[in-house]
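The values are calculated or read from the model by the stated rules, or taken from the named source; none is laboratory data. These numbers were taken from a predicted model, which means no experiment stands behind them. Cβ placement follows ideal geometry from the backbone for every residue including glycine, while neighbour counts extend to all protein chains displayed. Keep in mind that these areas ignore ligands, DNA and RNA; they rest on the heavy atoms of the full protein, side chains included. Shrake-Rupley method; radii C 1.70, N 1.55, O 1.52, S 1.80 Å.
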Amino acid sequence: MKKNLRILVVSAVIMLGATSAQAQFGNLVNKVKMAKQTAEDVKKKVDGDIEFTKGGNVMGFYRTRTGEFIFDKTHPDGERKGKKVIFKVQKNGDVMYDDGRKVGEVLSDGTVNFHGEQGYLKVLGDGSVMMDGEKVAMINDNGQVYIYDVLIGTAKGLDKQYAALLYLGIYHNKESLAKTKLELAEVKKQREAEAKRQQEQAAQRRAQAAKNPTKSSGNQNNTQQKVREYSIEKGSARGFVDANGVVYNWAHTKVGQLPKGNGDITDGTGHRIGSVWSGDIKDSSGNLLCSVSSGGSIAVKGSNATVAEVKANGRIDMSKDSKTLGYCNCNNHVWTAAIIFCNLFKF
């Protein structure tokens with residue numbers, strides 16, 4: 001009996017020792033990870049790294065210490081296959097590609113020469129970017145870059161002239177900018193046509209109401225009031241959501257239904273595509289897409305940190321880079337998040 005008890009005691013000590021060792025090892029691994037992350041953060045600060053985004057995604061960073069644009073993109077072939085694409089702005093303003101070629105210049109008067117063209121761009125003091133006498137872009141003090149009034153990227157802390165070089169030189173040329181201008185003009189044309197159509201419909205409704213004044217029988221009102229609608233804007237897409245939660249596309253075709261409070265989210269044919277419960281928005285399988293607080297803060301699964309926020313005017317901005325995802329001023333943070341952030345209706 002004593003022998004068996006001794007064996008049990010020894011076994012328990014061994015197991016407890018193993019558990020303690022595992023815990024210590026786990027703590028050690030976590031400390032190593034934290035130390036590595038801290039060291040990387042310190043190195044980034046020392047190097048003066050400035051992340052730049054495009055379309056809401058981080059594409060690389062500008063290293064202030066060396067004057068290099070270091071892209072996440074790598075060379076697909078050649079001698080530098082697998083290595084990151086790099087453009088370097090030297091102290092004299094020469095812009096060098098990573099194969100040793102000079103590809104442009106950044107001059108002290110705001111001029112950017114690129115694509116073999118002298119005077120390719122001119123950056124003014126207020127952040128306006130001119131090309132051939134036309135304003136093609138605007139770079140604000142928060143590093144947000146707008147091309148033809150559309151936000152395309154952010155590089156907070158980057159010199160505006162360098163931002164112009166990046167977004168309108170490295171990412172664009174005159175041909176692609178001209179194409180972008182035409183596409184945006186078409187979007188504007190469609191938007192104006194839709195606004196005109198709505199105005200005409202409103203005028204027709206007013207005229208009809210004037211011809212047929214409200215008739216009442218007892219306490220019953222036979223005139224149905226128009227439900228208020230709120231506009232939806234996301235990129236080039238447009239639509240509406242009314243006060244009852246009915247979602248329409250730009251042609252005013254029903255594409256979905258949102259619940260007033262908790263309930264199912266359905267598509268235009270009535271099929272369930274998600275749900276809302278106490279600020280949690282889920283897909284049709286019950287997977288959490290995001291959680292929306294009463295103040296408009298948006299968080300995602302696995303993190304309590306705010307990843308985006310619904311502003312007072314119905315605009316949703318990403319927290320990391322202040323990128324604007326879209327607008328829906330329907331005075332309902334959950335509806336706005338479902339439409340713009342979760343994109344349940346494919347705008």
(Q) Scan region 303-312 and tell me whether some residue there is hydroxyl-bearing (Ser, Thr, Tyr) and free of Cβ contacts under 8 Å to residues at least 60 places away in the same chain. (A) yes
Q. Considering region 127-186 alone, what residues qualify as being closer than 24 Å to residue 97 by Cα, open to solvent by 40 Å² or more (accessible area, probe 1.4 Å) and among the aromatic types (Phe, Trp, Tyr)?
A. 162, 171
Q | region 56-82, residues that are in a loop (DSSP other than H, G, I, E, B), over 24 Å from residue 145 (Cβ atoms) and either at pLDDT 95 or above or not basic (Lys, Arg) (or both) | A | 76, 77, 78, 79, 82
Q. Which residue out of 279, 235 is out of contact with any Lys or Arg (no Cβ under 7 Å at 6 or more places or on another chain), farther than 15 Å from residue 338 by Cα and in contact (Cβ under 8 Å) with a residue 40 or more places away in the chain?
A. 235
Q. Any idea which residue in region 282-314 is surrounded by the most Cβ atoms within 10 Å (Cβ to Cβ), counting only those that are among the basic types (Lys, Arg) and more than 14 Å from residue 339 (Cα to Cα)?
A. 311
Q) Do the conditions hold for residue 102, that is, is it touching an Asp or Glu at 6+ places or on another chain (Cβ under 7 Å), under 25 Å from residue 130 (Cα atoms), open to solvent by 40 Å² or more (accessible area, probe 1.4 Å) and not aliphatic (A, V, I, L, M)? A) yes
**Q.** Scope region 236-252; condition touching a Gly at 6+ places or on another chain (Cβ under 7 Å) and open to solvent by 50 Å² or more (accessible area, probe 1.4 Å); matching residues
**A.** 250
Q. Can you tell me which of 180, 111 is closer than 22 Å to residue 58 by Cβ and hydroxyl-bearing (Ser, Thr, Tyr)?
A. 180
Q | Every residue from region 254-267 that is under 26 Å from the mean Cα position of the chain (by Cα), over 12 Å from residue 335 (Cβ atoms) and either open to solvent by less than 50 Å² (accessible area, probe 1.4 Å) or polar (S, T, N, Q) (or both) | A | 255, 266, 267
